[in-house]
Amino acid sequence: MSIAENIRGIKEKLGNRAQLVAVSKTKPVALIQEAYDSGQRVFGENKVQELCEKQEQLPQDIEWHMIGHLQTNKVKYMAAFIHMIHGVDSLKLAQEINKQAAKNSRKINCLFQLHIADEETKFGFDEQELRDLLSKGELQNLSHIVWSGVMGMATFTDDSQKVKKEFAQLYQIYDRLRLEFFLNEPTFKERSMGMSGDWPIALDEGSTLVRVGSAIFGER
Ligand SMILES: *Cc1c(COP(=O)(O)O)cnc(C)c1O
């Protein structure tokens, strides 16, 4: 199957429920261009340097999403063009994104990464931790950030019931945050969940952004 066919197959199943973020990390620009030529405009990368190099070489109307863990000192390199940052998991990172967005006279769309998996290594807020920050209003005061929703990664397992439960849990956290803190912000609407192995489950559980790499471009 070609890249174009893979994308078309996934998009057909997503319908208008969720958008496809084509995860192009480690893949050469020629393959990204191939996806672009088939109509794909939204791409995700997880390393800042690789993201910046690709952004320079590829068409300027691509909407780039930063999906990986982000170090505060690297925000400045992508602040001029990044469309959405999925992995915001600290106040310090949010403050730096806000500062760099302001310098570029832009607003940057950001998602709160929530820790929903069993694995200790996965980054993200616990719900209570995030709730405490939001209660103080410090995150909402960052005027160059558009808080757009939540992101999470399920446990890496064959147990689809477990994955389903974790995505359902993320949806519920999203909805509680929305009701309590973002009721007047229609932009707080995204649930970024689902990868190559589990996006159909995520879609069933209310995903609006699936981040799919290997099922489009092949194994890394
Ligand atoms: C690599 C990556 C993906 C895509 O993974 P695939 O299994 O190749 O689809 C999605 N989300 C994040 C955060 C990633 O790092």
Find the residue count for the stretch 35-57, including only residues that are in contact with a helix residue (DSSP H, G or I) (Cβ under 7 Å, 6 or more places away or on another chain) and either among the β-branched types (Val, Ile, Thr) or surrounded by fewer than 17 Cβ atoms within 10 Å (Cβ to Cβ) (or both). 3
Kindly indicate whether residue 217 is closer than 30 Å to residue 33 by Cβ, surrounded by 13 or more Cβ atoms within 10 Å (Cβ to Cβ) and not polar (S, T, N, Q). yes
Enumeration of residues in the stretch 195-220 that are touching a strand residue (DSSP E or B) at 6+ places or on another chain (Cβ under 6 Å), assigned to a loop (DSSP other than H, G, I, E, B) and either touching a residue at least 60 places away in the same chain (Cβ under 8 Å) or within 8 Å of the ligand (Cβ to nearest atom) (or both): 195, 196, 207, 208, 213
Given the options 106, 131, name the one that is part of a helix (DSSP H, G or I) and at pLDDT 95 or above. 131
Can you find a residue in the stretch 150-161 that is within 14 Å of the ligand (Cβ to nearest atom), closer than 30 Å to residue 2 by Cα and in contact with a strand residue (DSSP E or B) (Cβ under 7 Å, 6 or more places away or on another chain)? yes
Answer yes or no: is there a residue in the stretch 53-61 that is more than 12 Å from the ligand (Cβ to nearest atom), modelled with pLDDT of 95 or more, under 19 Å from residue 112 (Cβ atoms) and part of a loop (DSSP other than H, G, I, E, B). no
Tally time: how many residues in the stretch 133-156 are β-branched (Val, Ile, Thr) and more than 19 Å from residue 103 (Cα to Cα)? 2
From the residues in the stretch 1-28 that are without any contact (Cβ under 8 Å) to a residue 40 or more places away in the chain and either within 16 Å of the ligand (Cβ to nearest atom) or in contact with a Lys or Arg (Cβ under 6 Å, 6 or more places away or on another chain) (or both), which one is farthest from residue 204 (Cα to Cα)? 28
In the stretch 116-149, the residues that are of a type in the set (A, V, I, L, M, F, W, C) and within 14 Å of the ligand (Cβ to nearest atom): 116, 117, 123
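The values are calculated or read from the model by the stated rules, or taken from the named source; none is laboratory data. Treat the numbers as computed from the prediction; the structure is a model and nothing was measured. Every residue, glycine among them, receives a Cβ derived from its backbone with ideal geometry; neighbour counts consider all protein chains shown.
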